[in-house]
Each structure stands twice: as structure tokens, then as C-alpha cells.
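Colleague: Input: one structure, supplied below.
The values are calculated or read from the model by the stated rules, or taken from the named source; none is laboratory data. The shown structure was predicted, so the numbers you read here are calculated from the model rather than taken from an experiment. Methodologically, a virtual Cβ is constructed for each residue, glycine included, from the backbone with ideal geometry; neighbour enumeration extends over all protein chains shown. The protein model used for the area step is the full one, side chains on, heavy atoms only, and it has no ligands, DNA or RNA in it. Shrake-Rupley method; radii C 1.70, N 1.55, O 1.52, S 1.80 Å.
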Amino acid sequence: MNASAQDKTLQQVVFFPFISRPSAGKGTQTSLLSERLSLPRIDMGSLLRDIAKEDSPLGRSVQERLSQGQLVNLDTVMAVLKDGLEKAMATRQSQTLTGFILDGFPRNLPQAESLLALCQDTGARIATSVYLDVPVETIVERAVNRRICQHCGAIYNLKSKPPATEGICDVCGSDQLLQRSDDALDKVEARLRSFDEETEPVLALLQSENPSFVTRFNGHQPVDTVYAELSALIQSQMKRFASPSVTV
Ligand SMILES: [Zn+2]
């Protein structure tokens with residue numbers, strides 16, 4: 001916890017936490033950004049599943065919780081995150097400044113507090129978190145109109161991308177275009193409500209810590225437009241952190 005014990009492994013780490021309502025387009029944008037700008041993307045779900053395969057004390061404890069269907073506690077989540085960052089930094093040739101996309105993290109207040117503490121302990125820094133703002137009504141409409149081909153997995157939207165022939169998959173000709181049970185109206189609304197309840201305090205905390213820690217984008221625009229805005233932001237932030245005068 002004290003500065004003298006601090007190692008330097010994570011001092012070149014810069015975080016871009018992406019926090020957005022489910023189905024706001026976060027997944028699409030984070031994969032594009034990660035691929036085109038070569039930013040490692042961290043999502044806690046995959047990180048936990050990966051470490052559970054490892055024969056280490058941390059791996060075994062995660063494996064045990066997951067196999068019992070239990071939630072992994074916050075200390076373990078943070079240890080797994082730190083481990084993932086250290087491994088990623090170790091594969092870099094030299095200690096180069098590296099921007100990490102944190103996909104869907106932090107998702108609640110305790111995680112946000114722990115992320116700030118991690119930064120304090122290790123010298124890692126938050127560049128800015130990205131909130132893709134898409135109105136609740138839009139997300140609900142997207143979800144309830146979504147249909148998925150049971151045969152080939154093709155995805156349609158009855159309003160914006162209907163199949164050429166009603167009820168028939170363009171790709172494979174199957175007539176099994178169904179709604180996922182998760183996309184039912186009441187489920188979508190409940191999911192959005194609990195998401196907002198959990199993440200509003202996260203955004204408020206980050207913003208009070210530093211107003212530049214939260215950047216809101218209009219996510220209700222074409223994918224390419226959103227991408228252009230996000231990649232410009234990330235590249236300018238990386239330049240800012242690369243300059244030796246930045247002490248944030
Ligand atoms: Zn199909």
C-alpha cells in the first residue's frame with residue numbers, strides 16, 4: 001500500500017474503462033478499437049475463466065468459486081485484474097505506454113473504488129472512462145425487435161433489418177427466427193434498471209475524482225461515426241499520457 005513498496009510494472013498502464021448500458025453498442029466499439037488501435041481489451045468474465053484454468057493459488061480459488069456457481073469476491077477480482085495486467089505488460093518488449101480497454105469494468109461502486117486504489121498503489125492511470133449514451137427507449141426497441149435464426153445464428157431486427165421474406169432467414173432459409181427469452185420487454189427493462197442503479201454511482205465517483213475521468217458520447221449514431229469519435233479521443237489521450245510533462 002505504501003509508495004516505497006510500489007513496483008513499477010504497471011506505471012505505463014493507462015485505463016479506458018467502457019461503461020455503457022447493455023446493447024448500447026459497447027461490444028462492437030471495443031472490438032473495433034482494440035483491433036485497429038492495438039489496445040489490449042480486458043473483460044473480467046474472460047479473465048476469470050482463463051485464470052481458473054491455471055494451476056496457481058489464485059487460479060484454484062477462482063476455479064472453486066466458479067465451479068460452485070458463486071460470485072468471485074472483490075479482492076479476488078482485483079487480484080485477477082492485476083495479474084492480467086502484469087502478464088500483458090510482461091509480454092511487451094520494453095515498458096511502453098499501453099492503453100487498456102476495460103470492457104464493462106468497473107460496474108459497481110466497490111469495483112470503482114478498488115480501481116482508484118489500484119491506480120494509487122501501482123501508478124497505473126485512468127485516461128478517461130467512456131459512457132456510450134443510448135436512450136433506454138432505443139435499447140428496448142432494439143431488443144424487442146431482435147430475432148435470431150435458430151439454425152445459423154443470423155441476427156435480424158424486425159424494424160431496421162428485417163429478412164427479405166417475412167419469417168424466413170436470408171442466409172439459410174430456416175423459418176425459425178425467434179426472440180431470445182432475455183429480449184422480452186420485462187426482462188430488458190429490469191436489466192436496464194438494475195444496470196443504471198449500479199453504474200450511476202460509478203460515474204458520479206469517477207467524475208468527482210476528476211471531471212476528465214468520464215467522457216460521454218452519443219452512442220445513438222451510426223457505428224462508423226461513433227468509432228471515429230472514440231478513436232480520435234483515445235489517440236489524443238495516448239499522446240497526452242506519452243508526453244513526459246503529464247503528472248496526472
Ligand atoms: Zn439462418
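Colleague: Taking 45 Å as R0, compute the FRET efficiency from the Cβ-Cβ separation of Leu97 and Asp170 and round it to 0.05. All intermediate terms of the calculation are to be shown ahead of the outcome.
Modeller: Values: r = 45 Å, r/R0 = 1.00.
It comes out at approximately 0.50.
Colleague: A follow-up question, please. Probe of 1.4 angstrom, ligands and nucleic acids ignored: what's the accessible area per residue over the stretch 15-147, in square angstrom? Working shown, then result.
Modeller: Numbers: 6000 Å² over 133 residues.
Here the residues of the stretch 15-147 average 45 Å² of exposed surface.
Colleague: Still on this structure: Among His220, His151, what's the order by accessible area (1.4 angstrom probe), most exposed first?
Modeller: Details: His220 100, His151 135 Å².
My answer, sorted largest first, is His151, His220.
Colleague: Unpartnered cysteines of the chain (Cβ-Cβ under 4.7 Å counts as a partner)?
Modeller: Cys119
Colleague: How large a share of the accessible area of the stretch 1-130, in percent, is made up of carbon and sulfur atoms when the probe is 1.4 Å and the other protein chains stay in place?
Modeller: Working: 3030 of 6290 Å².
With neighbouring chains kept in place, the figure for the stretch 1-130 is 48 percent.
Colleague: Not counting the cut sites, what is the longest span of the chain without trypsin sites (Lys or Arg not before Pro) that DSSP labels loop and that have at most 13 other Cβ atoms within 10 Å? Display every interim value, and only then the final one.
Modeller: Details: sites that count: Lys8, Lys53, Arg92, Lys159, Arg180.
That gives 181-248 as the longest site-free run.
Colleague: Non-local amide H neighbours of Phe15 (under 5 Å, H modeled in plane, Pro and chain starts lacking H): which ones?
Modeller: Phe100, Arg125, Ile126, Ala127
Colleague: Let me ask something else. Spin-label point model (7 Å from Cα, Cβ direction): what's the Lys161 to Arg65 distance in nm?
Modeller: 3.5
Colleague: Shape call for the stretch 63-182 from the C-alpha gyration tensor, a ≥ b ≥ c root eigenvalues: rounded (a/c under 1.5), prolate (a/b greater than b/c) or oblate?
Modeller: Prolate, since a/c reaches 1.5 and a/b exceeds b/c.
Colleague: For the stretch 77-220, build the charge dipole from Cβ charges (+1 Lys, Arg; -1 Asp, Glu) around the Cα centre, then report which of Val134, Pro211, Pro162 sits farthest towards its positive end.
Modeller: Highest projection toward the positive end goes to Pro162.
Colleague: Kindly identify the chain as rounded, prolate or oblate by the Cα gyration tensor criterion: order the square roots of the eigenvalues as a ≥ b ≥ c, call it rounded if a/c is under 1.5, otherwise compare a/b with b/c, prolate if a/b is larger, else oblate. If you can, show how the numbers build up before the last one.
Modeller: Numbers: a/c = 1.94, a/b = 1.58, b/c = 1.23.
Since a/c reaches 1.5 and a/b is larger than b/c, the shape of the chain is classed as prolate.
Colleague: Now a separate question. Can you spot the lysines whose alpha carbon is less than 23 Å from Lys187's alpha carbon? Ignore those fewer than 8 places along the same chain.
Modeller: Lys26, Lys159, Lys161
Colleague: If you line up the long axis of helix 185-209 against the longest principal axis of the chain, both from Cα atoms, how many degrees apart are they, to the nearest 10?
Modeller: 20
Colleague: Give me the lysines in straight-line cross-link reach of Lys8: C-alpha distance below 19 Å, same-chain residues under 8 apart excluded.
Modeller: Within the straight-line limit of under 19 Å, Lys8 reaches these lysines: Lys82, Lys87.
Colleague: What is the angle, in °, between the Cα long axis of helix 109-122 and the longest principal axis of the Cα atoms in the chain? Nearest 10 is fine, range 0 to 90.
Modeller: 40
Colleague: Would you work out which of Leu116, Gln237, Gly27 lies farthest towards the positive end of the dipole of the chain, given +1 charges on the beta-carbon of Lys and Arg and -1 on that of Asp and Glu, about the Cα centre?
Modeller: With unit charges placed on the Cβ atoms, the residue in question is Gln237.
Colleague: By how many degrees, 0 to 90 and rounded to 10, does the Cα axis of helix 74-90 deviate from the longest principal axis of the chain?
Modeller: It is inclined by approximately 80 degrees.
Colleague: Compute the Cα gyration tensor for the stretch 56-124, then decide on rounded, prolate or oblate, letting a ≥ b ≥ c be the square roots of its eigenvalues: rounded whenever a/c is under 1.5, prolate when a/b is larger than b/c in the other cases, and oblate in all that remain. It would help to have the intermediate numbers written out before the result.
Modeller: Working: a/c = 2.26, a/b = 1.40, b/c = 1.62.
Oblate, since a/c reaches 1.5 and b/c is not below a/b.
Colleague: How big is the charge dipole of the chain about its Cα centre, in debye rounded to the nearest 20, if each Lys and Arg gets +1 on its Cβ and each Asp and Glu gets -1 on its Cβ?
Modeller: Values: 26 positive and 30 negative charges, 108 e Å.
The calculated dipole for the chain is roughly 520 debye.
Colleague: Related question: In the chain, what % of DSSP beta bridges are antiparallel (nearest 5)? Mind dumping the intermediate values first?
Modeller: Details: 6 of 22 bridges.
Within the chain, antiparallel bridges account for around 25 percent of the total.
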